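Have a look at the structure below before the remarks.
The values are calculated or read from the model by the stated rules, or taken from the named source; none is laboratory data. Since the structure is predicted, the reported quantities are computational estimates derived from the model, not experimental observations. Don't worry about glycine lacking a Cβ; one is built from the backbone with ideal geometry, like all the others, and counts go over all protein chains shown.
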Amino acid sequence: MNVLFVIGTRPEAIKLAPIILECQQRDSFDVIVCSTGQHKELLDSAFEQWDIVSDIELAVMESGQGLNQLLSKLLRQLDKVLCDVNPDCVVVQGDTSSCLAGALAAFHREIPVYHVEAGLRTYDKTAPFPEELNRQIVSRIANIHFAPTEKNKQALIMEGIAEKDIVVTGNTVIDALMMCQKNVDPESNPEIQKLQRIYNPEKKLLLVTGHRRENMGAGFSELIEALCELASEPSIQVIYPLHMNPAVREPMIYALGNTEGIFLIEPLGYEAFVWLMSKSFLIISDSGGVQEEAPSLNKPVLVLRQQTERQEAVEAGTVKLIGTLREAIVQEVRELMVNKEAYLDMTQKSNPYGDGTAAKRIVDFLMASE
Ligand code: UDP
């Protein structure tokens, strides 16, 4: 079976890597990895640790281009890939423009589409933007839907998707996380070595990530103020691996570049990021993947959003939606610092996103459907 993986960004790379590796271990598959170049550096750094190399590399990014330019370029370039490779199926993951274009291009060529991480919903087209709608559209296109949780499956069924076309798998990010934890050797990872020089175990580490389009402008200004206030406390250390997007990175460097107690660093490879999560007291983030991973590391996540398509984590109590107001961020962090019970309550839960066997389930299904 000739399987084409279309991958554009870091989370897609991290979450598809376990499936690619699982396919590569079995004789039944010819795996072709197409990286679209949507977030090239972040994707390459995520693949590096698993020795995954893209077979096809597109270059769709151009500075200042809008979503329509990006999508139209992706469709044109992916169509050529489909003609050249002629795959038996296309696998896409999540909700990015690359995911949407991969699914749509395959549909136009009548090639079956398998969607990994299907059925997550906010039902608000503006958040996450444009990802909520991307994911919904891919659900209209896909032939098979790999839903991380039962809740995701129910959302798909409510939208009229046949139960036989949905497989509940868990989230492959937990597979990736567990692979990292098993294989990590801090002594031989240069990024971790570097982190060890700034990480201060005597302080409480607040690990921060943020890159969502909806938070640009007002949201990030509030976050900047909150981080300044928190970092002024001697017991706190803030480490913030920046995203490559200049619209997020530049205001952060301008406002926080010289603030004592705050370390702005380059985006980390996955292994180093997992190591840093494991050292943190808590995580402040607007990332989707981090909400899924942190419960496995027993770390609370304060989510810089009003709503999330990862409701399971909110219901389990492992993450808390706090929005982006300065006061709320400062208050929620302080509460977890002083209230031991509240802290334990967020960290002693089992992870609703699975047990690290999602990739095996997905590949078993692919083999059975050959
Ligand atoms: N991540 C990483 N290095 C970093 C920051 C995050 O490897 O410096 C990982 C993180 O563990 C998670 C994924 O990247 O698995 C999240 O990516 P991102 O926040 O870009 O996207 P989202 O999850 O919001 O779609």
Which of (1) aliphatic (A, V, I, L, M); (2) within 12 Å of the ligand (Cβ to nearest atom); (3) in contact (Cβ under 8 Å) with a residue 40 or more places away in the chain is the odd one out, the single condition residue 294 does not satisfy?
(3)
If you take the residues of segment 298-329 that are more than 21 Å from residue 220 (Cα to Cα), without any contact (Cβ under 8 Å) to a residue 40 or more places away in the chain and of a type outside the set (S, T, N, Q), which of them is surrounded by the fewest Cβ atoms within 10 Å (Cβ to Cβ)?
315
Out of everything in segment 64-91 that is in contact (Cβ under 8 Å) with a residue 24 or more places away in the chain and not in a helix (DSSP H, G or I), what residue ends up being nearest to residue 213 (Cα to Cα)?
91
Of (1) touching a strand residue (DSSP E or B) at 6+ places or on another chain (Cβ under 6 Å); (2) not in a strand (DSSP E or B), residue 320 satisfies every one except (2)
List the number of the failed condition for residue 284; all other conditions in (1) part of a helix (DSSP H, G or I); (2) within 20 Å of the chain's Cα centre (by Cα) hold.
(1)
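Within segment 357-367, is even one residue aromatic (Phe, Trp, Tyr) and over 18 Å from the mean Cα position of the chain (by Cα)?
yes
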Given the criterion within 19 Å of residue 5 (Cα to Cα), crowded, with 18+ Cβ neighbours inside 10 Å and within 16 Å of the ligand (Cβ to nearest atom), identify the matching residue among 100, 78, 82, 74.
100
Here are some conditions: (1) under 24 Å from residue 166 (Cα atoms); (2) free of Cβ contacts under 8 Å to residues at least 24 places away in the same chain. Residue 351 meets all but one. Which one does it not meet?
(2)
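Being surrounded by 16 or more Cβ atoms within 10 Å (Cβ to Cβ), at pLDDT below 95 and either closer than 17 Å to residue 366 by Cβ or in contact with a Phe, Trp or Tyr (Cβ under 7 Å, 6 or more places away or on another chain) (or both) narrows it down to one of 168, 92, 184, so name that one. Steps first, answer last, please.
Details: 168 fails: at pLDDT below 95; 92 fails: at pLDDT below 95.
Exactly one residue qualifies, and that residue is 184.
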By my count, helices (runs of 4 or more DSSP H) wholly in segment 158-273 with at least 1 residues that are within 15 Å of the ligand (Cβ to nearest atom) and within 16 Å of the chain's Cα centre (by Cα) are 172-183
Residues of segment 1-17 classified as of a type in the set (D, E, K, R) and in contact with a Leu (Cβ under 8 Å, 6 or more places away or on another chain), total
2
Can you work out which of the residues in segment 191-221 that are modelled with pLDDT of 95 or more and basic (Lys, Arg) is surrounded by the fewest Cβ atoms within 10 Å (Cβ to Cβ)?
197
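May I ask you to say which residue of 234, 190, 267, 246 is of a type outside the set (Phe, Trp, Tyr) and more than 27 Å from residue 41 (Cα to Cα)? Don't jump to the end; show me each part of the working.
Working: 190 fails: more than 27 Å from residue 41 (Cα to Cα); 267 fails: more than 27 Å from residue 41 (Cα to Cα); 246 fails: more than 27 Å from residue 41 (Cα to Cα).
Matching residue, one of 234, 190, 267, 246: 234.
May I ask you to list the residues in segment 18-59 that are basic (Lys, Arg) and either within 15 Å of the ligand (Cβ to nearest atom) or out of contact with any helix residue (DSSP H, G or I) (no Cβ under 8 Å at 6 or more places or on another chain) (or both)? If you could, list the steps in order and put the result at the bottom.
Kept after step one, since they are basic (Lys, Arg), are these residues of segment 18-59: 26, 40.
The answer is 40, and nothing else.
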Being within 22 Å of residue 230 (Cα to Cα) and in a helix (DSSP H, G or I) is the filter here, so list the residues in segment 335-370 that pass it.
335, 336, 337, 338, 340, 341, 342, 343, 344, 346, 347
